[in-house]
Amino acid sequence: MTIASKDEEFITLIQEDPTPGRQLLTEKERKRNIVFFTVAAFFTSSANSIHFIFYSLYFMDTPGASEKLYGIVATIGSIIAIIGLIAADYFNGLLGYKRVMIIAYLLIGTSFSFFIFNPSRIAWIIIAILILNFAFSLNESPSNILLTESAGEENKGKVSSLTYFFGRFGDVAVSTLVFVLLIILQIEYGNEQRSHYYIFSVIVFVLAAIAIFMIITDSSRKKVRTDRANVIHEKVALYREKREKGNRSEFIQGFIDTFKDKWVLRVAASFVLDAFLWSIALGVHWPGLQSEAIFGEYRITDQDISLYSLITNVAVLVSMFIGRLVDKIGAKALLFISEVCGLIWCTLVVIFTYFPVYEWIMYLSRVFLGFSIALWIPATISLFTNVSPERKSKVYNSIAIFRSIGWLPGGFIAGFIFDAFPNNPRMGFLVPLFILIAGMALILPVFYTMPNRPSDMKNNNNNVKKNNI
């Protein structure tokens, strides 16, 4: 009997600090959830793609913006993302995965609505970005846990790749539309024209929130079978008793206890290092490419970003089938290959900086970036959920929090590096990229030796009582 079929036959009780009990999903509910995630991925990804295409240009065209401020906002956004991850773990237990997703989707729609009104002050854009960072991180663990539980342990990598594949179709659709309007029809955009696209993004996330309420079956809130009710009543009673004693301290202690697992600690430390190096390289990447002082007539425009996004998304679609292998070869292999592709991307961007006349270099770099993304997403989702069902929320958010900590200083550091070379702005743009290239000497061996599961760790003395995780 496979793991997936076994899931249909028994009830798993989760920890006291989140929901009192959980019955795993039936096959019909699994399929319905997966269909929703797949269809929704197309529309929500297309809505997000609008933001990612226009954001840096929108930001830089707003009065009061600068490359340094762009990096500082990225750092503050990382802090807000950590708060969102902590809140996600708390509300996953208090409200359930489904309700947390609804709240996150409505917050994303709220954030995008700020851009519709084309604010003349940069402060409004910063507020919108902070809300967006919080909402994205709030949504990350409940959506991925619900998806992987709907797929089952043996197919979670395959299903997450499939869902992300359809999401990239949405990205390609938007990138193609913008490409046609900007390059073929030669339409010029300012913030007023960009703001019109955000209307679509707001509508998508509001409708998606309604669809979640109507369609999704939440494994963390599902009623248990009558013949097991006495077991659940005992868990509920214990839950309430713990709560009366003060579950806030136990909630924080749960994160501390999670890192007594050596596997969790090692994975978290690896992603801190990775995020730190990448955050520096990406801190002022888009504003730097838009700098006339560095690239002159070759600086990027809306048209270029739409074309780069299209190339990246097509590369993701082409290479996504490799991500499906995560269930067979393990997450660490895909993470390693993903980082190699990222190294090639970074190297090509450096070369392009010296030879901007050869645009094909940038196009090729986006292909390798697409390969890196296609492998990274299913690998991280699979890796972060490679624990027992009762530990997924706490472990996922604990690792994600450390990953976000790694992103914290990157934008701030990159912004100051950029300004540190007033007489040589090209070097201010290149130094962050050189830091990532040098850091790959550490990152690549780390992921090559990454244990896929806690059981793969030698002498992994897990001193954590699972009921407290």
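The values are calculated or read from the model by the stated rules, or taken from the named source; none is laboratory data. These numbers were taken from a predicted model, which means no experiment stands behind them. Every residue, glycine among them, receives a Cβ derived from its backbone with ideal geometry; neighbour counts consider all protein chains shown.
Please determine whether any residue of region 15-22 is touching a Phe, Trp or Tyr at 6+ places or on another chain (Cβ under 8 Å) and at pLDDT 75 or above. No, because not a single residue in region 15-22 is touching a Phe, Trp or Tyr at 6+ places or on another chain (Cβ under 8 Å) and at pLDDT 75 or above.
If you check Phe434 against the conditions, is it over 14 Å from Val267 (Cβ atoms) and either charged (D, E, K, R) or at pLDDT 80 or above (or both)? Yes, satisfied.
In region 369-394, of all residues being within 16 Å of the chain's Cα centre (by Cα) and at pLDDT below 80, the one that is farthest from Tyr308 (Cα to Cα) corresponds to Ser393.
Of the residues screened, Lys156 is not one that is over 18 Å from Phe54 (Cα atoms), buried (at least 16 other Cβ atoms within 10 Å of the Cβ), modelled with pLDDT under 75 and in contact with a Lys or Arg (Cβ under 9 Å, 6 or more places away or on another chain).
Considered as a group, the residues in region 204-226 that are at pLDDT below 85 and surrounded by fewer than 14 Cβ atoms within 10 Å (Cβ to Cβ) include one that is farthest from the chain's Cα centre (by Cα), and that residue is Thr226.
Return yes or no: is Glu192 at pLDDT 80 or above and of a type in the set (Asp, Glu)? So Glu192 passes the test. Filtered by the rule that a residue be at negative phi, surrounded by 18 or more Cβ atoms within 10 Å (Cβ to Cβ) and in contact (Cβ under 8 Å) with a residue 60 or more places away in the chain, region 96-111 gives Tyr97, Lys98, Arg99, Met101, Ile102, Tyr105, Ile108, Gly109.
In this entry, Ile373 passes the filter for residues that are of a type in the set (Val, Ile, Thr) and either within 30 Å of Ser150 (Cα to Cα) or touching a Gly at 6+ places or on another chain (Cβ under 9 Å) (or both). Going residue by residue through region 233-250, is there one that turns out to be surrounded by 15 or more Cβ atoms within 10 Å (Cβ to Cβ) and modelled with pLDDT of 60 or more? Looking for residues that are surrounded by 15 or more Cβ atoms within 10 Å (Cβ to Cβ) and modelled with pLDDT of 60 or more, one finds at least one in region 233-250, hence yes.
Each residue in region 282-321 was checked for being within 30 Å of Ser393 (Cα to Cα) and in contact with a Pro (Cβ under 9 Å, 6 or more places away or on another chain), and 3 of them qualify.
Here Pro422 meets each of (1) part of a helix (DSSP H, G or I); (2) surrounded by fewer than 18 Cβ atoms within 10 Å (Cβ to Cβ) with one exception, condition (1).
Select, from Phe114, Phe91, the only residue that is within 26 Å of Leu69 (Cβ to Cβ) and either of a type in the set (Phe, Trp, Tyr) or touching a Phe, Trp or Tyr at 6+ places or on another chain (Cβ under 6 Å) (or both). Even if it seems obvious, please write down each step before you answer.
Working: Phe91 fails: within 26 Å of Leu69 (Cβ to Cβ).
From the options Phe114, Phe91, the qualifying one is Phe114.
Search region 51-61 for residues being farther than 22 Å from Arg426 by Cβ and part of a helix (DSSP H, G or I), and hand back the single one that is modelled with the lowest pLDDT.
First, the residues of region 51-61 that are farther than 22 Å from Arg426 by Cβ: 51-55, 58, 61.
Right, trim to part of a helix (DSSP H, G or I) and you get 51-55, 58.
Numbers: His51: 89, Phe52: 84, Ile53: 80, Phe54: 84, Tyr55: 87, Tyr58: 87.
Checked region 51-61; the qualifying residue modelled with the lowest pLDDT is Ile53.
On the stretch given as region 190-203, residues that are surrounded by 15 or more Cβ atoms within 10 Å (Cβ to Cβ) and closer than 16 Å to Pro63 by Cα total 3.
Cβ separations smaller than 7 Å between residues 6+ apart or across chains give the following pairs from region 429-449 residues that are closer than 24 Å to Gly71 by Cα to residues that are among the polar types (S, T, N, Q) and part of a helix (DSSP H, G or I): Phe429/Thr353; Leu430/Thr353; Ile437/Thr347.
Every residue, every condition in (1) among the acidic types (Asp, Glu); (2) under 30 Å from Asn33 (Cβ atoms); (3) modelled with pLDDT under 90; (4) assigned to a helix (DSSP H, G or I), yes or no:
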position	(1), (2), (3), (4)
Ser49	no, yes, yes, yes
Pro63	no, no, yes, no
Ile72	no, no, yes, yes
Ile76	no, no, yes, yes
Gly109	no, yes, no, yes
Ile125	no, no, no, yes
